[in-house]
Amino acid sequence: MHASPNVDPAEIAHFNRMADMWWDPHGKMGQLHAINDLRLAFITDRIGVAAPRVVDVGCGGGILAEALARHGASVTGIDLSDLSLKIARQHAERGGLDIDYRYLDVETLAASEAHAFDAVTCMEMLEHVPHPERVIAACARLLKPGGMAFFSTINRTFKAFAFAIVAGEYILGLLPRGTHSYAKLIKPVEMRRWAGAAGLEFRAVASLMYNPLTRRFRVAPDREDINYMACFATRS
């Protein structure tokens, strides 16, 4: 595989250092476990295809990929953190899951398997690459006509800086310190603009809202808050 220019080596190094944390629900990656069922429902409620073929872009240790596979999807997971992929493969094997994990970037996959997937998921990844608009465009190319794309990221607002970065990483310890850079966060209007340019039509948005008293998340439909999810579809 040729190295993609749409990669930040510092981000890859960061996630390689975190690789052993992926499957500890009580550790620094515990937030991803806490929101996984909510993200899964947002996705599976909208795909509308039995046994869909799904690619999880930036799959990390495979938390969402495994949930999709257990829900009946045929899953391909791609990432450029080789240590995270090693953890993902090992965990899937122990669970008896057949997930196609590949050390690959999304633009390379889109060049070889265009229009091959019913759905694409790209969760908490766009804010970690130099050119998120290129990731969105490649995700669109991967989809069949009428296919669904799901993205999640963090809004670039002062509220997000205060709660997601300062509180989430440095006070509450919900994520490892240094996971997010404010300048790389993405406003919903930017995501919609890039998606539209890639031929995707907006379908739905929702935000994951955290209650620090109960330490639980809930989904707020039609809301673009700190941590938001958006669904788009290719034009049939």
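When residue 34 is evaluated against the numbered criteria (1) open to solvent by less than 40 Å² (accessible area, probe 1.4 Å); (2) modelled with pLDDT under 95; (3) within 16 Å of the chain's Cα centre (by Cα), which criterion, by number, is the only one it fails?
(1)
Restricting attention to segment 115-151, report how many residues are in contact (Cβ under 8 Å) with a residue 40 or more places away in the chain and on the phi > 0 side of the Ramachandran plot.
2
Could you please find all residues in segment 16-45 being of a type in the set (A, V, I, L, M), over 25 Å from residue 221 (Cα atoms) and part of a helix (DSSP H, G or I)?
19, 21
Could you list all residues from segment 69-95 that are touching a residue at least 40 places away in the same chain (Cβ under 8 Å), among the hydrophobic types (A, V, I, L, M, F, W, C) and assigned to a helix (DSSP H, G or I)?
Passing the criteria: 83, 87, 88.
Scan segment 114-128 and give yes if some residue there is part of a strand (DSSP E or B), closer than 20 Å to residue 196 by Cα and open to solvent by 10 Å² or more (accessible area, probe 1.4 Å), otherwise no.
Yes, segment 114-128 contains a residue that is part of a strand (DSSP E or B), closer than 20 Å to residue 196 by Cα and open to solvent by 10 Å² or more (accessible area, probe 1.4 Å).
Take segment 46-58 and flag every residue that is open to solvent by 60 Å² or more (accessible area, probe 1.4 Å) and either in a strand (DSSP E or B) or over 27 Å from residue 107 (Cα atoms) (or both).
Scanning segment 46-58 gives a single hit, 53.
Residue 10 is checked against (1) open to solvent by less than 40 Å² (accessible area, probe 1.4 Å); (2) farther than 22 Å from residue 110 by Cβ and fails just one. What number does that condition carry?
(1)
The values are calculated or read from the model by the stated rules, or taken from the named source; none is laboratory data. All values reported here derive from a predicted model rather than from experimental measurement. Glycine gets a Cβ as well: all are built from the backbone with ideal geometry, and neighbour counts include every protein chain shown. Note: accessible area is taken over every heavy atom of the protein model, side chains too, but ligands, DNA and RNA are not part of it. Shrake-Rupley method; radii C 1.70, N 1.55, O 1.52, S 1.80 Å.
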